[in-house]
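One structure below.
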Amino acid sequence: MTFAYPTESNKAHPARLSPDYKGTVKRAPSKPLIIMRHTLSELTGPVYGHETVRAGDSDLTTQHKGEPIGERIIVHGHVLDEDGRGVPNTLLEIWQANACGRYIHVRDQHPAPLDPNFTGAGRAESDGEGYYRFVTVKPGAYPWGNHHNAWRPAHIHFSVFGYSFVSRLVTQMYFPGDPLFAFDPIFNSVTDAKARERMVSAFDLENTKPEWALCYRFDIVLRGRNATPMETK
Ligand SMILES: [Fe+2]
(Lines give C-alpha, C1' and ligand atoms only; values in the text may rest on other atoms or scores of the structure.)
Protein backbone atom coordinates (compact mmCIF):
# COMPACT_ATOMS: atom_id res chain seq x y z
CA MET A 1 0.00 0.00 0.00
CA THR A 2 1.30 3.47 -0.84
CA PHE A 3 0.14 6.95 0.08
CA ALA A 4 0.69 10.29 -1.67
CA TYR A 5 0.40 13.73 -0.14
CA PRO A 6 -1.37 16.35 -2.29
CA THR A 7 1.17 18.32 -4.33
CA GLU A 8 -0.91 21.34 -5.40
CA SER A 9 0.88 23.61 -2.92
CA ASN A 10 4.37 22.80 -4.18
CA LYS A 11 4.63 26.04 -6.18
CA ALA A 12 4.49 28.09 -2.99
CA HIS A 13 7.74 26.63 -1.73
CA PRO A 14 11.15 28.04 -2.66
CA ALA A 15 13.16 26.32 -5.38
CA ARG A 16 16.12 24.27 -4.19
CA LEU A 17 18.33 26.47 -6.33
CA SER A 18 17.88 30.21 -5.70
CA PRO A 19 21.14 31.74 -7.03
CA ASP A 20 20.81 35.00 -5.05
CA TYR A 21 20.82 32.82 -1.92
CA LYS A 22 24.39 31.67 -2.40
CA GLY A 23 24.26 28.64 -0.11
CA THR A 24 21.79 26.98 -2.47
CA VAL A 25 24.26 27.04 -5.38
CA LYS A 26 26.45 24.45 -3.64
CA ARG A 27 23.62 22.68 -1.88
CA ALA A 28 21.03 22.22 -4.60
CA PRO A 29 21.07 18.84 -6.38
CA SER A 30 22.37 19.14 -9.94
CA LYS A 31 20.58 16.00 -11.10
CA PRO A 32 16.88 15.21 -11.04
CA LEU A 33 15.69 13.75 -7.77
CA ILE A 34 14.88 10.08 -7.61
CA ILE A 35 11.36 9.86 -6.26
CA MET A 36 10.90 7.09 -3.74
CA ARG A 37 7.30 6.31 -3.05
CA HIS A 38 6.40 6.35 0.60
CA THR A 39 5.11 3.17 2.05
CA LEU A 40 3.52 2.41 5.38
CA SER A 41 6.91 2.13 7.08
CA GLU A 42 7.99 5.69 6.20
CA LEU A 43 4.61 7.20 7.01
CA THR A 44 4.22 5.62 10.41
CA GLY A 45 7.73 5.85 11.85
CA PRO A 46 10.14 6.56 13.33
CA VAL A 47 8.11 8.62 15.73
CA TYR A 48 9.11 11.50 17.95
CA GLY A 49 8.78 12.04 21.64
CA HIS A 50 5.72 14.26 21.82
CA GLU A 51 5.11 12.99 25.32
CA THR A 52 8.40 14.43 26.54
CA VAL A 53 7.31 18.06 25.93
CA ARG A 54 7.06 19.81 29.27
CA ALA A 55 4.84 22.81 30.00
CA GLY A 56 7.80 25.16 30.45
CA ASP A 57 9.46 24.24 27.16
CA SER A 58 7.36 26.79 25.28
CA ASP A 59 8.60 29.74 27.37
CA LEU A 60 12.08 30.78 26.20
CA THR A 61 12.23 33.55 28.81
CA THR A 62 12.29 31.26 31.85
CA GLN A 63 15.02 28.77 30.96
CA HIS A 64 17.74 30.46 33.02
CA LYS A 65 18.23 32.23 36.35
CA GLY A 66 17.40 35.67 35.01
CA GLU A 67 15.20 37.05 32.27
CA PRO A 68 16.66 37.59 28.80
CA ILE A 69 17.27 41.07 27.50
CA GLY A 70 14.91 42.28 24.82
CA GLU A 71 11.30 42.80 23.91
CA ARG A 72 9.17 40.01 25.40
CA ILE A 73 6.63 38.67 22.90
CA ILE A 74 3.93 36.02 22.64
CA VAL A 75 3.84 34.03 19.40
CA HIS A 76 0.77 31.89 18.92
CA GLY A 77 -1.46 30.42 16.27
CA HIS A 78 -2.89 27.25 14.85
CA VAL A 79 -1.45 24.45 12.78
CA LEU A 80 -4.07 23.97 10.06
CA ASP A 81 -4.76 21.60 7.22
CA GLU A 82 -5.81 22.68 3.73
CA ASP A 83 -9.43 23.06 4.81
CA GLY A 84 -8.65 25.24 7.81
CA ARG A 85 -9.08 22.47 10.35
CA GLY A 86 -6.74 22.48 13.32
CA VAL A 87 -4.12 19.74 13.37
CA PRO A 88 -3.84 18.42 16.94
CA ASN A 89 -0.80 16.96 18.70
CA THR A 90 1.75 18.51 16.35
CA LEU A 91 5.24 18.89 17.77
CA LEU A 92 6.54 22.40 17.08
CA GLU A 93 10.15 23.37 17.67
CA ILE A 94 11.53 26.89 17.30
CA TRP A 95 15.02 28.36 17.28
CA GLN A 96 16.08 31.96 16.94
CA ALA A 97 18.72 34.62 17.53
CA ASN A 98 18.63 36.66 20.72
CA ALA A 99 17.42 40.26 20.85
CA CYS A 100 20.82 41.44 19.59
CA GLY A 101 20.75 39.16 16.54
CA ARG A 102 23.21 36.55 17.87
CA TYR A 103 22.88 32.76 17.97
CA ILE A 104 24.67 30.52 20.43
CA HIS A 105 26.61 28.74 17.72
CA VAL A 106 30.33 28.40 17.07
CA ARG A 107 29.90 29.69 13.52
CA ASP A 108 28.06 32.80 14.62
CA GLN A 109 30.82 35.33 15.28
CA HIS A 110 28.63 38.38 14.71
CA PRO A 111 30.07 41.00 17.13
CA ALA A 112 26.86 41.30 19.14
CA PRO A 113 26.55 40.09 22.72
CA LEU A 114 25.40 36.64 23.74
CA ASP A 115 22.75 36.65 26.45
CA PRO A 116 23.46 34.32 29.38
CA ASN A 117 19.71 34.14 30.02
CA PHE A 118 18.69 33.15 26.52
CA THR A 119 19.35 29.92 24.65
CA GLY A 120 16.94 30.55 21.79
CA ALA A 121 15.26 27.16 21.47
CA GLY A 122 11.85 25.94 22.57
CA ARG A 123 9.12 23.46 21.75
CA ALA A 124 5.42 22.96 22.21
CA GLU A 125 2.67 20.57 21.19
CA SER A 126 -0.50 21.80 19.54
CA ASP A 127 -3.69 21.08 21.50
CA GLY A 128 -6.85 19.38 20.33
CA GLU A 129 -7.72 22.36 18.10
CA GLY A 130 -4.23 22.68 16.63
CA TYR A 131 -3.44 25.70 18.83
CA TYR A 132 0.11 26.43 20.04
CA ARG A 133 1.71 29.26 22.02
CA PHE A 134 5.27 30.40 22.75
CA VAL A 135 6.68 33.18 24.92
CA THR A 136 10.06 34.52 23.83
CA VAL A 137 11.90 37.76 23.00
CA LYS A 138 11.83 39.41 19.61
CA PRO A 139 14.96 38.35 17.71
CA GLY A 140 17.26 40.95 16.23
CA ALA A 141 18.31 41.23 12.59
CA TYR A 142 21.79 39.84 11.88
CA PRO A 143 24.39 40.03 9.11
CA TRP A 144 25.01 36.79 7.24
CA GLY A 145 27.68 37.41 4.62
CA ASN A 146 25.67 36.30 1.59
CA HIS A 147 26.60 39.51 -0.22
CA HIS A 148 27.80 43.00 0.67
CA ASN A 149 25.72 44.40 3.55
CA ALA A 150 23.46 41.35 3.76
CA TRP A 151 21.15 41.32 6.81
CA ARG A 152 18.45 38.81 7.65
CA PRO A 153 15.07 40.26 8.61
CA ALA A 154 14.12 39.31 12.18
CA HIS A 155 12.76 35.76 12.08
CA ILE A 156 11.98 32.67 14.10
CA HIS A 157 12.71 29.24 12.64
CA PHE A 158 9.86 26.74 12.98
CA SER A 159 9.99 22.98 12.65
CA VAL A 160 6.69 21.11 12.59
CA PHE A 161 6.58 17.37 13.12
CA GLY A 162 3.76 15.02 12.41
CA TYR A 163 4.05 11.47 13.58
CA SER A 164 6.80 10.18 11.35
CA PHE A 165 10.20 11.04 9.97
CA VAL A 166 9.01 12.18 6.53
CA SER A 167 6.43 14.56 7.93
CA ARG A 168 8.84 17.19 9.25
CA LEU A 169 8.36 20.66 7.74
CA VAL A 170 10.62 23.67 8.32
CA THR A 171 9.83 27.34 7.75
CA GLN A 172 10.62 30.81 9.07
CA MET A 173 8.25 33.28 10.68
CA TYR A 174 8.82 36.99 10.05
CA PHE A 175 7.49 40.16 11.66
CA PRO A 176 5.17 42.59 9.86
CA GLY A 177 6.60 45.66 8.17
CA ASP A 178 10.27 44.66 8.30
CA PRO A 179 12.31 47.04 6.08
CA LEU A 180 14.73 44.21 5.23
CA PHE A 181 12.19 42.09 3.33
CA ALA A 182 13.00 43.60 -0.06
CA PHE A 183 16.73 42.87 0.32
CA ASP A 184 16.66 39.32 1.69
CA PRO A 185 17.33 36.51 -0.82
CA ILE A 186 15.96 33.86 1.54
CA PHE A 187 12.61 35.64 2.01
CA ASN A 188 12.48 36.30 -1.74
CA SER A 189 13.36 32.74 -2.69
CA VAL A 190 9.61 32.31 -2.24
CA THR A 191 8.75 33.95 -5.53
CA ASP A 192 4.99 34.33 -5.12
CA ALA A 193 4.16 37.55 -3.25
CA LYS A 194 1.04 36.14 -1.59
CA ALA A 195 2.94 33.06 -0.48
CA ARG A 196 5.62 35.32 1.06
CA GLU A 197 2.94 37.08 3.07
CA ARG A 198 2.00 33.75 4.62
CA MET A 199 5.41 33.65 6.30
CA VAL A 200 4.78 37.03 7.96
CA SER A 201 3.06 36.97 11.34
CA ALA A 202 0.24 39.39 12.16
CA PHE A 203 0.44 41.80 15.06
CA ASP A 204 -2.28 40.70 17.49
CA LEU A 205 -3.42 43.52 19.77
CA GLU A 206 -6.35 41.52 21.10
CA ASN A 207 -4.01 38.96 22.64
CA THR A 208 -1.27 41.41 23.59
CA LYS A 209 -0.94 41.31 27.37
CA PRO A 210 -1.18 44.81 28.86
CA GLU A 211 1.99 45.89 30.68
CA TRP A 212 3.69 42.60 29.74
CA ALA A 213 4.15 41.52 26.10
CA LEU A 214 3.16 42.24 22.52
CA CYS A 215 1.56 39.34 20.68
CA TYR A 216 2.00 38.02 17.13
CA ARG A 217 -0.22 35.46 15.42
CA PHE A 218 1.31 32.92 13.05
CA ASP A 219 -0.95 30.25 11.59
CA ILE A 220 0.86 27.43 9.81
CA VAL A 221 -1.03 25.84 6.93
CA LEU A 222 0.48 22.48 6.08
CA ARG A 223 -0.64 22.15 2.47
CA GLY A 224 -3.15 23.26 -0.15
CA ARG A 225 -3.58 26.60 -1.87
CA ASN A 226 -2.94 28.54 1.36
CA ALA A 227 0.10 26.52 2.41
CA THR A 228 2.85 28.22 4.39
CA PRO A 229 6.03 28.11 2.24
CA MET A 230 8.40 25.45 3.59
CA GLU A 231 12.12 24.99 3.06
CA THR A 232 12.99 22.38 0.45
CA LYS A 233 16.58 21.48 1.31
FE1 LIG B 1 18.16 32.37 11.37
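Numbers for the structure displayed
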{"quantity": "Loop-located chymotrypsin sites (Phe, Trp or Tyr not before Pro) in segment 146-233 whose Cβ has at most 13 other Cβ within 10 Å (DSSP)", "calculated": "Trp212"}
{"quantity": "Diffusion coefficient, µm² s⁻¹, Stokes-Einstein with Kirkwood Rh over alpha-carbon pairs of segment 162-233 at 37 °C and 0.692 mPa s", "calculated": "237"}
{"quantity": "Label-point gap, in nm, between Thr39 and Ile69 - each point 7 angstrom along Cα→Cβ", "calculated": "5.6"}
{"quantity": "Average silhouette area of segment 155-201, convex hull of alpha-carbon atoms, in square nanometres", "calculated": "3.7"}
{"quantity": "Separation of the Val25 and Thr232 label points, Cα + 7 Å toward Cβ, nm", "calculated": "2.0"}
{"quantity": "Among Val25, Val79, Val221: highest mean-square fluctuation, GNM of the chain, C-alpha pairs under 10 Å", "calculated": "Val25"}
{"quantity": "Distance (nanometres) between label positions extended 7 Å along Cα→Cβ at Arg168 and Thr119", "calculated": "1.8"}
{"quantity": "For Val137, distant residues with modelled amide H under 5 Å away", "calculated": "Ile73"}
{"quantity": "Solution diffusion estimate, µm²/s, Stokes-Einstein, segment 106-145, Kirkwood Rh from C-alpha pairs, 10 °C, viscosity 1.306 mPa s", "calculated": "120"}
{"quantity": "Probe 1.4 Å - accessible area at His13, Å² to nearest ten", "calculated": "40"}
{"quantity": "Cα extents of segment 121-215 along the three principal axes, largest first (Å)", "calculated": "45, 42, 27"}
{"quantity": "Residue (of Val137, His38, Pro111) at the positive-pole extreme of segment 1-140, dipole from beta-carbon charges", "calculated": "Pro111"}
{"quantity": "Greater than 27 Å apart at Cα, pairs in Lys11/Lys209; Lys31/Lys194; Lys138/Lys209", "calculated": "Lys11/Lys209; Lys31/Lys194"}
{"quantity": "Bins of 5 Å from zero: percent of alpha-carbon pairs in segment 27-73", "calculated": "4, 13, 11, 11, 9, 11, 9, 14, 12, 6, 0"}
{"quantity": "Cα-based convex hull, the chain, per residue volume (Å³, whole number)", "calculated": "149"}
{"quantity": "Student exercise, segment 58-153 dipole from Lys, Arg, Asp, Glu Cβ charges, in Debye to nearest 20", "calculated": "500"}
{"quantity": "Distance-filtered residues of segment 211-226 - backbone nitrogen under 19 Å, label point 7 angstrom along Phe181 Cα→Cβ", "calculated": "215-221, 226"}
{"quantity": "Per DSSP, loop GluC sites (Glu not before Pro) in segment 168-233 with at most 13 further Cβ within 10 Å", "calculated": "Glu206, Glu211"}
{"quantity": "Overall Cα dimensions of segment 50-132, principal axis frame, Å, largest first", "calculated": "45, 26, 23"}
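The values are calculated or read from the model by the stated rules, or taken from the named source; none is laboratory data. If you're wondering where the values come from, they're calculated on a predicted model, not measured in any experiment. Quick reminder, even Gly has a Cβ in these numbers, built from the backbone with ideal geometry, and neighbours come from all protein chains shown. The accessibility values were calculated without ligands, DNA or RNA, using every heavy atom of the protein model including side chains. Shrake-Rupley method; radii C 1.70, N 1.55, O 1.52, S 1.80 Å.
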